[in-house]
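Here's the structure, in structure tokens; my notes come after.
The values are calculated or read from the model by the stated rules, or taken from the named source; none is laboratory data. Everything numeric here is computed off the predicted structure, so don't read it as measured data. Because the Cβ atoms are built from the backbone with ideal geometry, glycine has one as well, and the counts that use them run over all protein chains shown.
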Amino acid sequence: MKGSSILEINLEAIRDNTAKVVEICHQQDIAVLGVTKGFTAIHQIVAAMVEGGVDGLADSRMENILKLRRRGFNKPITLLRIPRLSNVKNVVRYADVSVNSEVAVMQALSRAALEMGKVHKVILMLDVGDLREGVMKGNILNTVRQIIDFHGIQLIGLGTNMGCFGGILPSNDNLGFLVEVKNFLDAYLGYDLEVISGGGTSTLALVEQRRLPAGINQLRVGEGILLGTDTTNSRKIPWLRHDAFLLRAEVIEVKAKPSVPIGEIGRDAFGNIPEFQDQGMRNRAILALGKQDVYVEGIIPTDEHMKILGASSDHLIVDVTDCLRNIRVGDEISFCLNYAGLLSACDSKYVKKRFKGG
Ligand SMILES: *Cc1c(COP(=O)(O)O)cnc(C)c1O
């Protein structure tokens, strides 16, 4: 449909970034799972990750995993969010591996797998301090003891997640702990755990510096491949591309207006009381893009002279006074996105997707 905003997706950039991440990881015997949840598993992007050489795919949502299976992707797929007790049958049916921390869920997975005559692979998540999902240190052996009797599931490895809730950075200490537990459990179980999954994009910093503890042999990478950024370590990854996604929206009004509203101030459309600084008259552009289209806090104008002043459901207000070019009605303004912005734009039915470099 003409008139809607466009998310331009450069598949070549995704392929290049994937290939670079895969190369540096494979040099150190680390497998790479391409994480597809940041873009609702749009199949063209997944295909670019596969062409870039990922060893497997991973997503946190069963809806996305089903979509991948229907599209015929036959790489192993890992479910990245603890399965819902009420959805274990689908997990066994469509995912090869799931991450787990709850005995009751693993018991249910076991029953579902036995019913279907399948073996479902399980990665036990350990909480090394970020305090999102995972078994705490003191409970690991107790948990393993309970799940080894469950037929139909096979404990194939250990994993951890960092930088998501507590903002904890991957380190030699917390990842080394994962390897220590593996060594202990190998002896206890009488077989070798084959996967030690050491986090996502934020662990790439240790890989670059060749400081990742030996034994970590899998990473689950989303943000780095997609955006070339590492939010947890607040950095742009210098050896990755940052041009895979661009959001474009159209200007529908340009006028000089005072920087402070005129009249008594109540609440804005979302119930907040806005505050303004008087900067005199400013040139303001309104774009046909709003909170209903994307997560506005997650987009950044590519023109550094522009400033987003605010947004309502359907309008984005941008100060264009300092722009070097004259902004006019009908012009297209482009934006970079962060992870939250990307997720919202991919998920938005109001944002049209356009591919290049396919
Ligand atoms: C989202 C997610 C990832 C990917 O993280 P990035 O920072 O995007 O690389 C990895 N593991 C789990 C468990 C996740 O939920």
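Pull out all pairs, ordered by first then second residue, where Cβ-Cβ is under 6 Å, the residues are six or more apart or on different chains, the first lies in the range 188-204 and is over 11 Å from Thr160 (Cβ atoms), and the second is surrounded by fewer than 24 Cβ atoms within 10 Å (Cβ to Cβ) and among the basic types (Lys, Arg).
Leu193/Lys182
Check whether at least one residue in the range 340-353 is within 16 Å of Ser5 (Cβ to Cβ) and without any contact (Cβ under 8 Å) to a residue 40 or more places away in the chain, and report yes or no. Outline the logic, then answer.
Our first condition is that a residue be within 16 Å of Ser5 (Cβ to Cβ); within the range 340-353, this holds for 341-353.
If we keep only those that are without any contact (Cβ under 8 Å) to a residue 40 or more places away in the chain as well, we get 349.
Looking for residues that are within 16 Å of Ser5 (Cβ to Cβ) and without any contact (Cβ under 8 Å) to a residue 40 or more places away in the chain, one finds at least one in the range 340-353, hence yes.
Pick from Ile265, Ile299, Ile317: which is closer than 24 Å to Ile225 by Cα and among the hydrophobic types (A, V, I, L, M, F, W, C)? Talk me through it step by step, then tell me what you get.
Numbers: Ile265 fails: closer than 24 Å to Ile225 by Cα; Ile317 fails: closer than 24 Å to Ile225 by Cα.
Criteria check complete, one pass: Ile299.
Whether any residue in the range 161-179 is under 23 Å from the mean Cα position of the chain (by Cα), assigned to a helix (DSSP H, G or I) and not aliphatic (A, V, I, L, M) is what I want to check.
yes
Which members of the range 295-320 meet the condition of being closer than 20 Å to Ser348 by Cα and among the polar types (S, T, N, Q)?
Listed by number, the residues that qualify are Ser312, Ser313.
Could you look through the range 234-267, keep only residues that are part of a strand (DSSP E or B), touching a Ser or Thr at 6+ places or on another chain (Cβ under 8 Å) and not small (Gly, Ala, Ser), and pick out the one that is farthest from Tyr339 (Cα to Cα)? I'd like the intermediate steps shown before the answer.
Step one: filter the range 234-267 for residues part of a strand (DSSP E or B), giving 235-236, 245-258.
Going one step further and asking which of them are touching a Ser or Thr at 6+ places or on another chain (Cβ under 8 Å), we end up with 235-236, 246-250.
Still in the list and also not small (Gly, Ala, Ser): 235-236, 246-248, 250.
Details: Arg235: 13, Lys236: 13, Leu246: 13, Leu247: 13, Arg248: 17, Glu250: 22 Å.
Looking at the filtered set, the residue picked out is Glu250.
For the range 163-177, does any single residue satisfy the condition of being away from the ligand (no atom under 16 Å from the Cβ) and of a type in the set (Val, Ile, Thr)?
The answer is no, given that none of the residues of the range 163-177 is away from the ligand (no atom under 16 Å from the Cβ) and of a type in the set (Val, Ile, Thr).
Look at the range 55-75 and say how many of its residues are within 15 Å of Val221 (Cβ to Cβ), more than 12 Å from the ligand (Cβ to nearest atom) and not in a strand (DSSP E or B).
Total meeting the criteria: 2.
Considering only residues that are part of a loop (DSSP other than H, G, I, E, B) and touching a residue at least 24 places away in the same chain (Cβ under 8 Å), which ones fall in the range 324-339? I'd like the intermediate steps shown before the answer.
Taking the range 324-339 and keeping what is part of a loop (DSSP other than H, G, I, E, B), we get 324-331, 338.
Ile327, Arg328, Val329, Gly330, Asp331, Asn338, listed by residue number.
Which residues, taken from the range 268-311, are within 26 Å of Phe39 (Cβ to Cβ), outside any helix (DSSP H, G or I) and of a type outside the set (A, V, I, L, M)?
At the first step, the residues of the range 268-311 found to be within 26 Å of Phe39 (Cβ to Cβ) are 287-304, 306, 308, 311.
From what's left, outside any helix (DSSP H, G or I): 287-295, 299-304, 306, 308, 311.
Correct list: Gly290, Lys291, Gln292, Asp293, Tyr295, Pro301, Thr302, Asp303, Glu304.
Working only within the range 27-47, note down all residues that are away from the ligand (no atom under 16 Å from the Cβ), in contact (Cβ under 8 Å) with a residue 24 or more places away in the chain and closer than 24 Å to Thr203 by Cβ.
If the condition is that a residue be away from the ligand (no atom under 16 Å from the Cβ), in contact (Cβ under 8 Å) with a residue 24 or more places away in the chain and closer than 24 Å to Thr203 by Cβ, then Gln28, Asp29 are the ones that fit.
Given the structure, is Glu332 under 26 Å from Ile45 (Cβ atoms), acidic (Asp, Glu) and under 18 Å from the mean Cα position of the chain (by Cα)? Can you show your working first?
Details: under 26 Å from Ile45 (Cβ atoms): yes; acidic (Asp, Glu): yes; under 18 Å from the mean Cα position of the chain (by Cα): no.
Considered against the rule, which asks whether it is under 26 Å from Ile45 (Cβ atoms), acidic (Asp, Glu) and under 18 Å from the mean Cα position of the chain (by Cα), Glu332 comes out as no.
Check Leu226, Leu247, Leu204 and return the single one that is buried (at least 23 other Cβ atoms within 10 Å of the Cβ) and either at positive phi or away from the ligand (no atom under 14 Å from the Cβ) (or both). Step through it out loud before you land on a result.
Working: Leu226 fails: either at positive phi or away from the ligand (no atom under 14 Å from the Cβ) (or both); Leu204 fails: either at positive phi or away from the ligand (no atom under 14 Å from the Cβ) (or both).
None of the others qualify; the one that does is Leu247.
Mind telling me which of the residues Ala19, Ala13 ends up being of a type in the set (Gly, Ala, Ser), in a helix (DSSP H, G or I), in contact (Cβ under 8 Å) with a residue 60 or more places away in the chain and within 17 Å of His242 (Cα to Cα)?
Details: Ala19 fails: in contact (Cβ under 8 Å) with a residue 60 or more places away in the chain.
Only one candidate qualifies: Ala13.
Return the residues of the range 82-117 that are in a loop (DSSP other than H, G, I, E, B), closer than 24 Å to Ile196 by Cβ and free of Cβ contacts under 8 Å to residues at least 24 places away in the same chain; say none if nothing qualifies.
The initial filter retains those residues of the range 82-117 that are in a loop (DSSP other than H, G, I, E, B), namely 82-84, 95-96, 101-102, 117.
From the residues that got through so far, the ones that are closer than 24 Å to Ile196 by Cβ too are 82-83, 95-96, 101-102.
Matches in the range 82-117: Glu102 only.
Consider Ala285 carefully, then state whether it is small (Gly, Ala, Ser), surrounded by 19 or more Cβ atoms within 10 Å (Cβ to Cβ) and away from the ligand (no atom under 16 Å from the Cβ). Talk me through it step by step, then tell me what you get.
Numbers: small (Gly, Ala, Ser): yes; surrounded by 19 or more Cβ atoms within 10 Å (Cβ to Cβ): yes; away from the ligand (no atom under 16 Å from the Cβ): yes.
Yes, satisfied.
Could you grab the pairs with beta carbons closer than 7 Å, sequence gap of 6+ or different chains, first residue in the range 211-233 and assigned to a helix (DSSP H, G or I) and at pLDDT 95 or above, second one among the aromatic types (Phe, Trp, Tyr) and within 9 Å of the ligand (Cβ to nearest atom)?
Correct list of pairs: Glu223/Tyr339; Leu227/Tyr339.
Have a look at Arg241, Arg220 and point out the one that is within 13 Å of the ligand (Cβ to nearest atom), within 24 Å of the chain's Cα centre (by Cα), charged (D, E, K, R) and within 30 Å of Ile30 (Cβ to Cβ).
Numbers: Arg241 fails: within 13 Å of the ligand (Cβ to nearest atom).
Checking each option against the conditions leaves just Arg220.
Please find, within the range 173-192, the residue that is nearest to Leu80 (Cα to Cα) out of those that are in contact with a helix residue (DSSP H, G or I) (Cβ under 7 Å, 6 or more places away or on another chain) and buried (at least 19 other Cβ atoms within 10 Å of the Cβ).
By that ranking, first place goes to Val181.
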